[in-house]
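Read the structure below first, then the notes.
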Amino acid sequence: MTTMVHARAFGNIALIKYWGKTDGNANLPATSSISLALDSLKTETTIRQLSHGPDEVVVNGQNGQNGANQRVIRILDNWRSEGLLSGHWTIFSQNFFPTGAGLASSASGFAALIKALSTVAERKLDETEISRLARRASGSAARSITGGLSAVEIGENPSAREILPPREIPWGMVAIIVDDNHKKIGSREGMEHCRLNSPYYPAWVEQSRKDYKAMLTAVEKRDFTSMGRITESNCLAMHACMMAARPPLNYWNPATLAVMHHSAQWREEGLENYFTIDAGPQVFLLAKKENLEDLARRARNIIGVQQALTALPAGGAEIIACG
Ligand code: PMV
């Protein structure tokens, strides 16, 4: 019987954003999404069976009753109540990048946890089921189970599917960190606020449906320029929806805007790149692999930029060891 599992997963950054839920309890997305898994956004998680309860959770060195740890315990409780898991567990999870600052920490964190738990589940789970279970924990985590360029299409109980494996992806990203503090309003709360209080929310959902289709076509044709343009427009539509909410939700800071302006300038000079921004101030530049180092070097010279990390396409969640 397996009593210890060590799993690894990579975060992903969406080109077409998931922003909004149709059903909060089942965590059903209102928009289909497409993302790229990135090797610089790594989480490793170890689970070990305990002889008795309660569960013990340490996420990024923090134990005790904080929000992240309670979310993990709720997942264990749900799995137990559904007969998917027995016993109590110690969960030790470590991110290898700044947490909670819009760097997709929930995607890699929950994907690594769900992948580890799937190994000790009471019944065999295939990748589709594992991705669904990850989606229940955090919408974007579904896409970190499959990795590469992955899509989640809205529906009854969606899971992610890989649309391009990492070896066939000639693009990567530069993650530009302009504020590494923990973000104020998490995505769960932010998207619900937009659904209820942004007059642009219906337009966002409708536009996103078109962007998703257009992105699938652009990916199929390997049309990087179209992919980039759709990525930027989709990101700006999501942020417009946030900013139009009452009260407004604005995740940007002056350095976020500075990077966006430089990105356009570099593109005009012939260095093709496109930005995207999640629920945080950090900017991600999508570019061909051979241009990533140059972009990162340039980004480090912008006032307010703390770090610029290059990131290549990564695979799905994996088990590294078990015993
Ligand atoms: O998976 P969540 O609940 O953290 O939501 C992710 C929201 C965005 O990062 C803004 C967009 C996305 O699709 O990843």
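Considering only alpha-carbon pairs that sit under 8 angstrom and 6 or more positions apart, the relative contact order computed for region 115-226 is 13 percent. Among Glu232, Glu220, the order of accessible area from largest down is Glu220, Glu232, computed with a 1.4 Å probe on protein heavy atoms. Rolling a 1.4 Å probe over the heavy atoms of the protein chains gives the chain an accessible area of 43 Å² per residue. Each peptide in 142-152, 78-88 was scored by the mean count of other Cβ atoms within 10 Å over its residues; highest first, the order is 142-152, 78-88. The HN-Hα couplings worked out from phi for region 314-323 by the Karplus form 6.51 cos²θ - 1.76 cosθ + 1.60 (θ = phi - 60°) are 10, x, x, 5, 9, 8, 8, 7, 8, x Hz, whole numbers, x standing for Gly and Pro. For region 94-159 versus region 171-205, the spacing of their alpha-carbon centroids is 19 Å. In percent, rounded to a whole number, the relative contact order of the chain is 26, using alpha-carbon pairs under 8 Å and six or more apart. Pairs of Lys residues in the chain, spaced 8 or more positions apart or belonging to different chains, with C-alpha separations under 15 angstrom: 5 in total. Note that the chain shows a convex hull volume over its alpha carbon atoms of 124 Å³ per residue. Carbon-plus-sulfur accessible fraction, the chain (probe radius 1.4 Å, protein heavy atoms only): 49%.
Under 5 Å between amide hydrogens, built in the peptide plane, is the criterion, and for Thr31 it picks out Trp19 among residues at least 5 positions away or on other chains.
Estimated from helical segments only, the mean residue ellipticity of the chain at 222 nm is -12000 deg cm²/dmol, where each DSSP H run of four or more residues counts as -39500 (n - 2.57). Here is the result for region 278-323: no GluC sites (Glu not before Pro) lie in DSSP coil with at most 10 other C-beta atoms within 10 angstrom of their C-beta. Panel values: region 171-311, Kirkwood radius from alpha carbon pairs, Stokes-Einstein at 10 °C and 1.306 mPa s, translational diffusion coefficient 101 µm²/s. Other residues whose C-beta falls under 12 angstrom from the C-beta of Asn12 contribute a net charge of 0, scoring Lys and Arg +1 and Asp and Glu -1.
The values are calculated or read from the model by the stated rules, or taken from the named source; none is laboratory data. A quick note: this is a predicted structure, and the numbers were derived from the prediction, not measured. Cβ coordinates were reconstructed from backbone atoms using ideal geometry, including for glycine residues, and neighbour counts include every protein chain displayed. Just so you know, the surface numbers come from the protein's heavy atoms only, side chains and all, with ligands and any DNA or RNA stripped out. Shrake-Rupley method; radii C 1.70, N 1.55, O 1.52, S 1.80 Å.
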